[in-house]
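> Before we start, here is the structure in question, set down as structure tokens.
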Amino acid sequence: VLVLVEPGVYEEERVRVGGGQRVSIWRCDRGSEPNKKEMQRVEWRSRNGSTLFAYGSAAVVSVNGMHMSAVKSEGYDGEGFSCVVAYDGATLSLELCDLTCECDYAVVQISDAGSAAIISGCCIHDGESSGVNITDGASATLENNNIHSNTQQGVTVQDEGSKAVLRGNSIHDGKGSGVLI
């Protein structure tokens with residue numbers, strides 16, 4: 001259940017997609033008033049945890065056109081989190097999304113052998129760590145993304161067996177390296 005917290009902003013503690021689940025999430029902008037053609041942006045936001053957490057080898061998640069953010073509540077002192085996580089063999093596709101995270105980890109985290117992601121046409125920005133972190137044998141293809149203004153690297157690829165293909169991305173204005181391998 002998404003809860004309306006202010007006009008156009010919906011909050012969910014965390015959406016978890018686990019083993020055997022297949023989920024597709026598409027942009028859901030809506031009219032600002034009945035019978036008007038103007039559209040208002042709908043933002044999917046979580047507090048004190050990841051917005052989307054996909055895990056397990058049979059989890060397949062596709063997200064298209066969403067504005068997603070993960071934020072900390074004032075005084076939050078719990079564990080760090082990312083906006084979007086693919087973990088433990090999950091498969092993730094992000095297309096035409098706007099992603100940001102007020103968190104201690106990467107905006108997008110792809111971890112563990114068997115985990116794979118395709119990220120295309122997204123804006124990944126203003127994270128308190130890396131934009132995209134690919135670790136522990138995971139793989140990802142990043143194409144035509146705008147990755148900017150992150151506190152650390154734009155893209156990090158680390159640990160044995162981790163693989164990344166980067167094509168046509170604009171990686172800029174971060175405080176760390178553009179790409180760190």
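> Note down the nm distance, to one decimal, between modelled labels 7 Å out along Cα→Cβ at ASP173 and at SER57.
Label-label distance for ASP173 and SER57, simple model: 4.2 nm.
> Give a residue-ordered list of calculated ³J(HN,Hα) values for the stretch 78-86 (Karplus: 6.51 cos²θ - 1.76 cosθ + 1.60, θ = phi - 60°; whole Hz; x for Gly, Pro).
Per-residue couplings from phi come out as x, 5, x, 7, 10, 6, 10, 10, 10 Hz.
> Residue by residue through the stretch 71-76, what is 3J(HN,Hα) from phi via Karplus (6.51 cos²θ - 1.76 cosθ + 1.60, θ = phi - 60°)? Round to whole Hz and write x for glycine and proline.
Listing the rounded values in order: 10, 9, 6, 4, x, 4 Hz.
> Which percent of the accessible area of the stretch 56-129 is formed by carbon and sulfur heavy atoms (probe 1.4 angstrom)? All intermediate terms of the calculation are to be shown ahead of the outcome.
Details: 1210 of 2620 Å².
C and S atoms contribute 46 percent here.
> Okay, next question. Once fully extended, how much extra length lies between LEU180 and VAL23, figured as 0.36 nm per residue of separation less the alpha-carbon to alpha-carbon distance?
Answer, rounded to one decimal: 53.4 nm.
> Taking the Cα centre as origin and putting +1 on Lys and Arg beta-carbons and -1 on Asp and Glu beta-carbons, what dipole magnitude results for the stretch 100-181, to the nearest 20 debye?
So the magnitude is around 320 debye.
> To continue, here is another question. Under a 5 Å amide H to amide H cut-off, with H placed in plane at 1.01 Å, what residues pair with SER46 once short-range neighbours are removed?
Amide H neighbours of SER46, under 5 Å, 5+ apart: GLU12, SER69, ALA70, VAL71.
> For ASN144 paired with ILE118, estimate the spin-label separation in nm (one decimal), with each label point 7 Å from Cα along the Cα-to-Cβ line.
Reported label-point gap for ASN144 and ILE118 is 1.2 nm.
The values are calculated or read from the model by the stated rules, or taken from the named source; none is laboratory data. All of these numbers come straight from a predicted model, not from anything done at the bench. Neighbour counts are summed over all protein chains in view; Cβ atoms, including those assigned to glycine, are modelled from backbone coordinates with ideal geometry. Note: areas computed on protein heavy atoms with side chains; ligands, DNA, RNA excluded. Shrake-Rupley method; radii C 1.70, N 1.55, O 1.52, S 1.80 Å.
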